[in-house]
1. (1) outside any helix (DSSP H, G or I); (2) at pLDDT 80 or above; (3) exposed (fewer than 13 other Cβ atoms within 10 Å of the Cβ); (4) not hydroxyl-bearing (Ser, Thr, Tyr): which one isn't true of Ala40, the others all being true?
2. Check Val126 against each of (1) in contact with a Leu (Cβ under 7 Å, 6 or more places away or on another chain); (2) open to solvent by less than 30 Å² (accessible area, probe 1.4 Å); (3) under 24 Å from Pro25 (Cα atoms); (4) touching a residue at least 40 places away in the same chain (Cβ under 8 Å) and name the one condition it does not meet.
3. Those residues that are open to solvent by 30 Å² or more (accessible area, probe 1.4 Å) and either among the small types (Gly, Ala, Ser) or touching a Phe, Trp or Tyr at 6+ places or on another chain (Cβ under 9 Å) (or both), I need them from segment 139-155; list them, please.
4. Within segment 100-119, is even one residue surrounded by fewer than 16 Cβ atoms within 10 Å (Cβ to Cβ) and part of a helix (DSSP H, G or I)?
5. Using the structure shown, decide if Arg73 is open to solvent by less than 50 Å² (accessible area, probe 1.4 Å), in contact (Cβ under 8 Å) with a residue 24 or more places away in the chain, basic (Lys, Arg) and out of contact with any Leu (no Cβ under 6 Å at 6 or more places or on another chain).
6. Regarding segment 82-93, can at least one residue be identified that is modelled with pLDDT of 95 or more, assigned to a helix (DSSP H, G or I) and not small (Gly, Ala, Ser)?
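The values are calculated or read from the model by the stated rules, or taken from the named source; none is laboratory data. Remember, predicted model here, so these are calculated numbers, not experimental data. Virtual Cβ from ideal backbone geometry, glycine too; neighbours counted across all protein chains shown. These area figures cover heavy atoms from the full protein model, side chains too; ligands, DNA and RNA do not enter into them. Shrake-Rupley method; radii C 1.70, N 1.55, O 1.52, S 1.80 Å.
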Amino acid sequence: MSVAFTREEDLEATAADLPDRPISPHPNLVTPEGLAAIDAALASARAAYAAAQAKGDIEADRTAMARATRDLRYWSARRATAQPVETTADGRVRFGGSVTIERDDGRTQTWRITGEDEADPAAGSVSHVSPLAVALTGKRVGDEATVAGQTVEIVAVD
């Protein structure tokens, strides 16, 4: 069917039918910073929802309302299941801590192990359920681990 014969309302209804954001089956461990980020995202979702309702004509912008509702459901669920974790340094790679590894080719990388919602590999943080974090958790300086099929050595733990 040509787009010329598609009613605008049909496109809007399709856009408004957004699927829910998937929620991880893993425990929702969070650092103090991660909990603050979830609280901020939840407040933002509440504000977006209120703004979408305040416009009065929800039918005119169903997409904004659907997006706000979806985000509000997601962040409410993540806040309700958040398990704050306070850790103390004990010389082992742990949730909330940082680890520096050296690869076989001499490259060093530092990663912070965080909750899923705060993980950002480009910024140097990985989720506690990522293969990297799973391989390194519990290790100490000098230990080796296999990451992506390569052996790495732990050179620092913070």
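1. Here Ala40 clears every test but (1).
2. (4) is the only condition that Val126 fails.
3. Gly142, Ala148, Gly149
4. no
5. Considered against the rule, which asks whether it is open to solvent by less than 50 Å² (accessible area, probe 1.4 Å), in contact (Cβ under 8 Å) with a residue 24 or more places away in the chain, basic (Lys, Arg) and out of contact with any Leu (no Cβ under 6 Å at 6 or more places or on another chain), Arg73 comes out as no.
6. no
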